[in-house]
Amino acid sequence: MKHAKTITFSALGCVVIGLPVAFLQKPATIRPNTYVGQVSVGGLTPEQARFRLRSWWETERLKPVPLTSDVVSNLPELTPSKFGIVLDDEATVAPLPLSDLVTDGKAFAGQLPEERIDAKLVFKAEGKIDTSLYEAVVQASPEPEPARVTYSKGAILIRKERANLVLDAAKLQKAVQEMLPKLEPTPVPIIEGKKRVPDEELAKVKEVVSEYTTRFSAGNRPRSSNIQLAASFFNGQVLMPGEKLSYNDTVGRRTIKRGFKVAGVYINGKHDTGVGGGICQVSTTLYNAALFANLGIPQRQNHSLPVPYVPLGRDATVDFGNIDLVLQNTTDAPIAVVSTYTPGALTFRILGQKVPGQQVTVSQGRVSTRTRGVRTVVDRNLAAGSRRVLEGGAPARVVSAFRTVKVNGQVVKSENLGTSYYGGSPRVVVVGARSTSSL
């Protein structure tokens, strides 16, 4: 009969019990009575434990994760795999206690540890969440609405921005990892998306910074209708610091289909008619309100002829696709543009936060004029020597405007707003040249 070879250890003259070599070389195993979740791994080598856990996970990973939401109904069924979550068997097994054949006296005595050891499963995210969950969130989102500020009877009325709903994917993956393998109901973290105008910034719009009113004939109904329609597109617009507001982008193309009517316009220095006549009074009124709010004016152009409702040099003409009026919020806080239409009057207000002690004035420089002369038109249907004025004409004018900003009486900014050139038009006189022989 063969006997196992033994090795005797000695130290400082002491003899230690000899152990069989084969016994010492036996692979280390996980301590008995050890569980990972509900999976028993006691007595297994780490490699065997990882294999048993992977086998268990192949079934568990196909079980749907119960999701709950107060916002989205009919949530799709997603398994852990569709959350991009996998079992990390190495990280799960690595910290498990091993039986120490040298120091564990219970092992030598053939005893098992009485206490049960419960270890946690470790999961990791290796992919993205299935797109069907994102689609469900998007479908449940209400229609987005921009922030809006209006003005009524001296009160500022604020409507907060409503953004799309957004799934917090990272937070959900973490929640699912922490919930596994129990498969308990997991709330889906759905939040409102990023707003262009955050609520806390919108709350800073709380007073009238400037206002400007121009007047017109309420009896000219087509023109009045155009003014009311064009002004309505601006009512409630909110601009964050640095943002620009384009008149043409805001109002859009002026067409009969969109509700604009034919009314008087200036074309090439002459009075004429066109669709949208009157909307330049809207742009001019807005321009003046912006001037007194100390806003930036990246684009502005004057009319070909002076207009009667503002001082010379303070008008702003527009022509879709050609000439635009652009304002810019050059302050460090949000502002809102509001319009008020009443028959015969249009008012624009800039709402925001006043600068304490600030005063804005707009002045006019010297006006240069030059006559455009007289243009004679011969009409052979009129009696010879007869004359009549067809067009009264207007002199050409050149003028500059200036803006001065003071704070507590001290000038902090003085700027030239630009020079306006009004081409004017010649006086047109019709002269008769009918021959007496034709009588």
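So here's what we get for this one:
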{"quantity": "In the stretch 127-155, the residues that are under 21 Å from Lys195 (Cα atoms) and assigned to a strand (DSSP E or B)", "calculated": "Glu145, Arg148, Val149, Thr150"}
{"quantity": "Filtered residues of the stretch 299-342 (kept if modelled with pLDDT of 95 or more, of a type in the set (Ser, Thr, Tyr) and in a loop (DSSP other than H, G, I, E, B))", "calculated": "Tyr309, Thr317, Thr330, Thr331"}
{"quantity": "Scan of the stretch 236-250 for residues that are surrounded by fewer than 19 Cβ atoms within 10 Å (Cβ to Cβ), closer than 15 Å to Lys160 by Cα and not aliphatic (A, V, I, L, M), ordered by number", "calculated": "none"}
{"quantity": "Qualifying residue in the stretch 343-350 (condition: touching a strand residue (DSSP E or B) at 6+ places or on another chain (Cβ under 7 Å), of a type in the set (Gly, Ala, Ser) and in a strand (DSSP E or B))", "calculated": "yes"}
{"quantity": "Selection count where residues are surrounded by fewer than 20 Cβ atoms within 10 Å (Cβ to Cβ) and either aromatic (Phe, Trp, Tyr) or more than 20 Å from Leu327 (Cα to Cα) (or both), scope the stretch 207-224", "calculated": "8"}
{"quantity": "Tally, over the stretch 295-326, of residues that are of a type in the set (Gly, Ala, Ser) and surrounded by 20 or more Cβ atoms within 10 Å (Cβ to Cβ)", "calculated": "2"}
{"quantity": "Phe348 vs. criteria buried (at least 23 other Cβ atoms within 10 Å of the Cβ) and at negative phi", "calculated": "yes"}
{"quantity": "Elements of type strands (runs of 3 or more DSSP E) in the stretch 353-404, at least 2 residues being surrounded by 12 or more Cβ atoms within 10 Å (Cβ to Cβ) and at pLDDT below 90", "calculated": "374-383, 387-391"}
{"quantity": "Residue ID - nearest to the chain's Cα centre (by Cα), chosen from residues in the stretch 225-235 that are surrounded by fewer than 21 Cβ atoms within 10 Å (Cβ to Cβ) and assigned to a helix (DSSP H, G or I)", "calculated": "Ser232"}
{"quantity": "Candidates Val208, Val265, filtered to the one that is within 25 Å of the chain's Cα centre (by Cα) and under 24 Å from Ala345 (Cβ atoms)", "calculated": "Val208"}
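The values are calculated or read from the model by the stated rules, or taken from the named source; none is laboratory data. No experiment lies behind these values; they were computed from the predicted model shown. Here the Cβ is made from the backbone with ideal geometry for all residues, glycine too, and neighbour counts use every protein chain on show.
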